Each structure stands twice: as structure tokens, then as C-alpha cells.
């Protein structure tokens with residue numbers, strides 16, 4: 001049992017990764033809560049963000065409730081296996097993270113506000129786990145779609161590390177990289193906590209507040 005846990009918290013090499021498949025999973029056309037397209041195309045004024053914060057069920061619900069968020073979807077990213085399925089991701093042999101991709105209107109909600117919510121609603125110091133969930137699929141991650149997003153993400157990390165230090169937490173382990181290929185998770189995982197209101201959600205914050213570069217308060221609170 002200990003050996004199995006260890007391997008699930010170590011990213012696989014290319015030779016160790018599962019082979020996957022050439023055919024992508026099919027998902028529903030519409031978001032069951034928002035009624036918007038799940039896969040696009042999306043209105044030209046929209047932007048895209050992607051985050052990993054642990055189990056993706058609760059994370060997706062967190063974001064679909066925000067004004068200005070047009071669509072959300074759960075999936076897998078950051079690994080080696082093409083078109084993985086959930087059971088494969090859970091073995092730790094795909095290298096993928098459980099992520100939420102969201103499409104948002106920057107005229108209604110800023111990327112900085114999304115970042116504040118990201119930092120405040122999970123513990124980004126835990127490495128390859130989040131709460132009781134342990135494995136590479138639960139790591140903290142920000143996957144950026146532009147140089148602007150990268151700069152904002154890095155600056156917010158610096159500010160939030162100071163807030164974490166004040167509360168006695170350790171170093172942030174969040175990976176901040178260019179957005180890799182997003183693979184949709186199976187239909188049963190999309191908007192899971194709407195379909196299963198009493199379902200599992202392990203998301204917990206640290207109590208630290210991440211301010212935006214232009215704010216002295218919690219932008220996450222403002223967004224909600």
C-alpha cells in the first residue's frame with residue numbers, strides 16, 4: 001500500500017505513461033447549469049482560464065456560480081497520455097491533473113479576481129495532494145493562455161505567499177505553465193455537483209486572503 005501511494009505522487013516518465021487512445025471522449029453539447037456550449041465555439045469577447053485545485057467536482061461548481069463566467073468544463077491536462085479516461089488518471093500513470101477550464105467575459109470579471117478565488121479556496125502548499133486526496137491528479141496548477149495571464153499569475157503567487165507566511169504555511173507548490181492540451185472528462189463528471197447535490201467536495205482554503213494588485217481587500221469576495 002505504501003509503495004502504491006508513493007508512485008501515485010510521482011509524475012510518470014514517457015516510458016511509464018499509459019498509451020491512451022486516438023479518439024477523444026464525446027461530451028454533451030450544453031452546460032447543464034448555464035445552458036452555454038461546453039466545447040465552443042465561444043463569443044469572440046470571451047477569454048479562457050484553466051486551474052487545478054484538487055478534485056474537479058467542487059472546483060467547477062465554485063466557478064460556474066460567478067457572474068461573468070460563460071461556461072465551465074472539467075477535464076484532464078498536464079500529462080502525457082492522449083485522451084485519458086478517469087480510471088487511468090486515477091492510477092497516476094498518465095501524469096494528468098484534474099482541471100477546470102472556464103470561459104469568462106473579462107468585461108464582467110477580471111482574470112485577477114479569478115486568481116484570487118483560486119488561491120483562497122484551496123491549499124496551494126500541499127504538493128501532490130489536496131486535503132485527503134493524494135496523487136498527481138490533485139496538484140495545484142495555473143495553466144495560462146497568454147503572457148498577460150502568466151505575469152498576473154506570477155505576481156499573485158508572490159502576494160499570496162506573503163499572506164500564507166503570515167499564517168504559518170509553507171512554500172507554494174503550484175505549477176504555473178502555459179496551458180497544455182485540455183482533454184474533456186467523461187459526461188458524468190461534467191457539472192457533477194449539480195447532478196449530485198450531496199456529492200463529494202473536499203475543497204478547503206487556508207484562511208489567507210489574496211488581494212489583487214489594485215485592491216486592499218479580497219477580490220474573491222468581490223467576485224462572489
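Couple of notes before you dig in:
- Measuring spread by the Cα atoms of the range 119-192 yields a radius of gyration and Dmax of 13.9, 41 Å.
- Subtracting the Cα-Cα distance of residue 150 and residue 171 from 0.36 nm times their residue separation leaves 5.6 nm of extension gain.
- Simple label model, 7 Å out from Cα along Cβ direction - residue 42 to residue 83, nm: 2.4 nm
- Cα Rg, Dmax, the range 1-110, angstrom units: 15.9, 50
- Relative contact order (%) - criterion: Cα under 8 Å, at least six apart; region: the range 2-223: 28 percent
- Inter-label distance, residue 201 to residue 22: 4.1 nm, where each label sits 7 Å from its Cα along the C-beta direction.
- Distance between the range 109-143 and the range 1-76 - C-alpha centres, whole angstrom: 13 Å
- Using every pair of distinct Cα positions in the range 69-192, the Kirkwood expression returns a hydrodynamic radius of 15.3 angstrom.
- Sum of -39500 (n - 2.57) over DSSP H runs of 4+, divided by residues of the chain (222 nm, nearest 500): -7000 deg cm²/dmol
- Simple label model, 7 Å out from Cα along Cβ direction - residue 188 to residue 108, nm: 3.2 nm
- Proxy reagent accessibility, fewest Cβ within 10 Å first, across 53, 46: 46, 53
- Seen from all directions on average, the range 48-132 presents a Cα convex hull projection of 5.7 nm².
- Here the translational diffusion coefficient of the chain follows from Stokes-Einstein with Rh set to the Kirkwood radius across Cα pairs; for 37 °C and 0.692 mPa s it amounts to 186 µm²/s.
Laboratory data are not the source of any read-out in this text; all were calculated from the coordinates shown. Fair warning: this is a prediction, and the values are worked out from it, not measured in the lab. Positions of Cβ are generated from backbone atoms using ideal geometry, with glycine treated the same way; all protein chains shown enter the neighbour counts.
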